[in-house]
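Everything on this sheet refers to the single structure shown next.
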Amino acid sequence: MKLVRYGAPGAERPGIWLEADGEQPARIVDVRGMAFDIADYDARFWQTFGVERLRALLEETNVKTVPADGVRLGPPVAAPRQIICLGKNYRDHAEEFDAQVPEHPVYFAKSPGSLCGAGDAIRLRPGMDRVDAEVELALVIGRRMRDVPEADALAHVAGYTVFNDVSNRGLQKERLQWFFAKGADTFGPAGPWLVTADELGDPQTLGLRQRVNGKVLQESRTGNMIFPIARVLADLSRVMTLEPGDLISTGTPGGIGSARTPPELLRDGDMVECEIDRIGTLRNPVAAEPA
């Protein structure tokens, strides 16, 4: 299933995306309209209902849907308790970044307030003149994790989505840390939907790529990760408890715009596309805010 949250920012409703089938265009199942106790795709949903409840809704005789055309898609999960990201998890990106390939996973946090949805603008505030994008595979925790062995780790994943780790390289260099440079409003586009783990299959067999105005900047495969997803989750769960709804983003491959010669940085009017096989394409325009 493809889980979406649709509607105006701050007022999104949970839904299930139904692809066009030849007889009718794409539609969205109005989950809340069919099950009023499912308010959102938040921690309570994963702890209490989960995807089995949604499958049951699809089996009902009168499935309530709305047309998908023109509907805004927000982030596919409600604002998470935390967003944990991996740095330098692809060898080619580590080499273009500082030529130091890590021996252990490198983690950093990203502000939950940075999340935005498919089609939402990446907003550049005055002075943000060295910003680029990073395509990443992200996952949502569906079951509480604490001291979970690597062999069991993927069973705790609810689903996967496309994530764009937008980064202010000027601040990153100036402040010598990543959180401030990557936590700005709109610097965490996610979507367009969350593909449930059972439908996606093996997350280490996916192609991923980033395009800006149609030009491919990044292209790789998730099998090229230095630290596979199961190892990362087991590693994290030995130190901290991962709760349902937590978002984990797994790093970006080489080819980022700021590492190119000359640099290819985001500008007003650009269109960024982050695409991952078996999930879809996350598209976000870039808009510069006036001084």
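Have a look at 167, 252, 99 and report the one farthest towards the positive end of the charge dipole of the chain, computed about the Cα centre with Cβ charges (Lys/Arg +1, Asp/Glu -1).
Towards the positive end, the residue furthest out is 167.
DSSP loop GluC sites (Glu not before Pro) in region 8-104 with at most 13 other Cβ atoms within 10 Å of their Cβ, which ones? Mind showing how you got there, number by number?
Details: sites: 12, 19, 23, 52, 59, 60, 95, 96, 103; in loops: 12, 19, 23, 59, 60, 103.
Of the GluC sites (Glu not before Pro), the ones in loops of region 8-104 whose Cβ has at most 13 other Cβ atoms within 10 Å are 19, 23, 59, 60, 103.
Using 5 Å bins from zero, what percent of all Cα-Cα pairs in region 232-291 falls into each bin?
4, 11, 13, 18, 16, 14, 12, 9, 3, 0
Mean separation of Cα pairs under 8 Å and 6+ residues apart, divided by the residue count of the chain: what relative contact order is that in percent?
Values: 726 pairs, mean separation 69.9, N = 291.
Worked out over the chain, it gives 24 percent.
Given a cut-off of under 8 Å on Cα pairs at least six residues apart, what relative contact order in percent is computed for region 1-141? Walk me through the numbers before you get to the answer.
Values: 181 pairs, mean separation 29.0, N = 141.
About 21 percent, as a whole number.
Determine the dipole magnitude for region 193-291: charges of +1 sit on the beta-carbon of Lys and Arg, -1 on that of Asp and Glu, nothing else is charged, the reference point is the Cα centre, and the result goes in debye to the nearest 20. Intermediate values should be presented prior to the final figure.
Details: 10 positive and 14 negative charges, 72 e Å.
In debye, rounded to 20, region 193-291 gives about 340.
Counting helices only, and only those DSSP H runs with n ≥ 4, report the 222 nm mean residue ellipticity of the chain as the sum of -39,500 (n - 2.57) divided by its residues, in deg cm²/dmol to the nearest 500. Before the final figure, lay out the partial values.
Details: 8 runs with 49 residues, N = 291.
So the calculated ellipticity at 222 nm is -4000 deg cm²/dmol.
Is there a quick way to get the dipole size of region 83-288? I mean about its Cα centre, with the Cβ of Lys and Arg at +1 and of Asp and Glu at -1; what is the value in debye to the nearest 20?
380 debye
Taking the mean number of other Cβ atoms within 10 Å as a proxy for protection, how do you rank 36-49, 245-258 from highest to lowest? Walk me through the numbers on the way to the answer.
On the way: 36-49: 17.1, 245-258: 23.8.
Per-residue mean Cβ counts within 10 Å order the peptides as 245-258, 36-49.
Once you have a ≥ b ≥ c as the square roots of the Cα gyration tensor eigenvalues for the chain, tell me rounded if a/c is under 1.5, and otherwise prolate or oblate according to whether a/b is larger than b/c. Display every interim value, and only then the final one.
Numbers: a/c = 1.79, a/b = 1.30, b/c = 1.38.
Taking the square roots of the gyration eigenvalues as a ≥ b ≥ c, the chain is oblate.
Once label points are set 7 Å from the Cα along Cα→Cβ at both residue 277 and residue 204, what is their separation, rounded to one decimal in nm?
For residue 277 paired with residue 204, the spin-label model returns 1.5 nm.
How far apart, in nanometres, would the label points at residue 44 and residue 100 be if each is projected 7 angstrom from Cα along the Cα-to-Cβ direction?
Label-label distance for residue 44 and residue 100, simple model: 4.5 nm.
Let me know the charge dipole size of region 25-148 about its Cα centre in debye, to the nearest 20, where only the beta-carbon of Lys, Arg (+1) and Asp, Glu (-1) is charged.
Values: 17 positive and 19 negative charges, 107 e Å.
For this selection, approximately 520 debye.
Have a look at 227, 142, 213 and report the one farthest towards the positive end of the charge dipole of region 83-288, computed about the Cα centre with Cβ charges (Lys/Arg +1, Asp/Glu -1).
Most positive-ward Cα: 213.
For each pair in 182/215; 88/110; 64/110; 2/215, compute the distance between the two Cα atoms and list the pairs where it is over 25 Å.
64/110; 2/215
A short reminder: the numbers here are calculations on the coordinates, not readings from a lab. This is a predicted model, so every value here is computed, not measured. Positions of Cβ are backbone-derived with ideal geometry, glycine not excepted, and every protein chain shown enters the neighbour counts.
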